[in-house]
1. Looking at the range 125-151 only, could you name the residues that are within 20 Å of the chain's Cα centre (by Cα) and in contact (Cβ under 8 Å) with a residue 24 or more places away in the chain?
2. Which one is nearest to the chain's Cα centre (by Cα) among residues in the range 96-124 that are over 18 Å from A76 (Cβ atoms) and open to solvent by 40 Å² or more (accessible area, probe 1.4 Å)?
3. For the range 20-38, what are the residues that are open to solvent by 60 Å² or more (accessible area, probe 1.4 Å) and either farther than 21 Å from L65 by Cβ or of a type in the set (G, A, S) (or both)?
4. If we scan the range 54-75, do we find a residue that is at pLDDT below 90 and not in a helix (DSSP H, G or I)?
5. Quick one: V50 ticks every box in (1) in contact with a helix residue (DSSP H, G or I) (Cβ under 8 Å, 6 or more places away or on another chain); (2) at pLDDT 90 or above; (3) over 29 Å from T332 (Cβ atoms) except a single one, so which number is it?
6. What number goes with the only condition from (1) surrounded by 14 or more Cβ atoms within 10 Å (Cβ to Cβ); (2) farther than 30 Å from L158 by Cβ; (3) at pLDDT 85 or above that V43 does not pass?
7. Among (1) under 28 Å from F326 (Cα atoms); (2) open to solvent by less than 70 Å² (accessible area, probe 1.4 Å), where does L270 come up short?
8. So in the range 76-95, with the set limited to residues that are polar (S, T, N, Q) and not in a helix (DSSP H, G or I), which one is least open to solvent (accessible area, probe 1.4 Å)?
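The values are calculated or read from the model by the stated rules, or taken from the named source; none is laboratory data. What you see is a predicted model, and the numbers here were worked out from it, not measured in a lab. All Cβ positions, glycine included, derive from the backbone under ideal geometry; neighbour counts span all protein chains shown. The area values use the complete protein model at the heavy-atom level, side chains included, leaving out ligands, DNA and RNA. Shrake-Rupley method; radii C 1.70, N 1.55, O 1.52, S 1.80 Å.
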Amino acid sequence: FGEKMHVLVSAVGTIFFLFLTPMVATSILPLQCVSHPNGLRTVQRYPMVVCGAGGEHEAMTALGLASVAVPVLFIATCVYITMTFRARMQQLDAQFTNTFGFLFSRFRSEAYRFPLFFICRNALIGLIPALPDVFGQVATTLMLFAASAFLTLRYMPLRGTASNYVDSCTSLGMMILLTCGCYLAPAENTYGVAVVASITVSAILTLMLGGLFFLVVKYVAQRKAKPYKYFITHHKTGTGSFARLLKLRIEVASTSARKVWIDCDDLENLELLFDYVWLSESVIALMSKEVLLRPWCVGEVVTAHLKSVRVVPVAFPDYMRPDDDFIRAYTTLVDIECLAPFGIGGDAARNAMLWIRDLPSISMPSRLS
């Protein structure tokens, strides 16, 4: 059970992350009171319960305040986890990244603090119904979504440019919904408000479902036919020119429309580097003297190993197959801290080197005819 504990923690954390807003909103239900002409105030959700009258309302308030401890504890835990992120990455603790992937997996490693902003935003949205004034509720909600859209577009914290635009568009869509429902229709025209809100919600849901359908179709298509025929991993100083020549020769000789991936041509976002590995049908590993001393090259080999991507090693004359001593001491010889945010630690690197060492390879002569 202990070996699978990180899966349980990740699943529970994901549930809390997704349902933080309704958890907070449910906890403060006893504080949401409405006034009546007779001077009494009752709980909005339970009009038979009189606010401040003791008895039932006191019990509801105590239960609500006690239940607030759950989201507060979750937020405090997330703050602590975020504060220890850099130290854990320096220790190459890949288990930490996998366990708390619900916080960090969607964000760039440089933007590891951003999950706290989204958690606090969701918690504040859950607290907004407790505000007594409707205008204050709407204005606060608009400010939160506006800040979310602005900061997301300003810093692009999510992995993948499209993800940042989708998140920002969702925030803007919520702002449009609130504006249409509360400002563009008279307060007494509840039917008109309902129609406008329904159309807006339907449009947003249609866009979201359409985007999800597009991603599913794209994923299925990639599974059937990956966009890249070959992925060339290499050390630039040792085999950079050869990698360029190899790509040109493959493209000239190939009848396939799929491309050959090489970093100097196709890498636009370093955070997506390892995604390109499993989006390729095969990996050509140009094994030169220092290729295993480069953490990003090793990360590409690890990804191919974990994703079961076919690898063809090409051994150059100066390449020496790693021995057991080198593999055991690898993390003391090479700093692979940069790979930890991607869930790649010392064990994964060592296993991948043992794997590629035993693969059949193509030997390159010292001189080519």
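1. Start the filter on the range 125-151 by keeping residues that are within 20 Å of the chain's Cα centre (by Cα), which leaves 145, 147-151.
Passing the criteria: F145, A147, S148, A149, L151.
2. Looking at residues that are over 18 Å from A76 (Cβ atoms) and open to solvent by 40 Å² or more (accessible area, probe 1.4 Å), I get R106.
3. Across the range 20-38, the qualifying residues are S35, H36, P37, N38.
4. Scanning the range 54-75 turns up at least one residue that is at pLDDT below 90 and not in a helix (DSSP H, G or I).
5. (2)
6. (3) is the only condition that V43 fails.
7. (2)
8. T84
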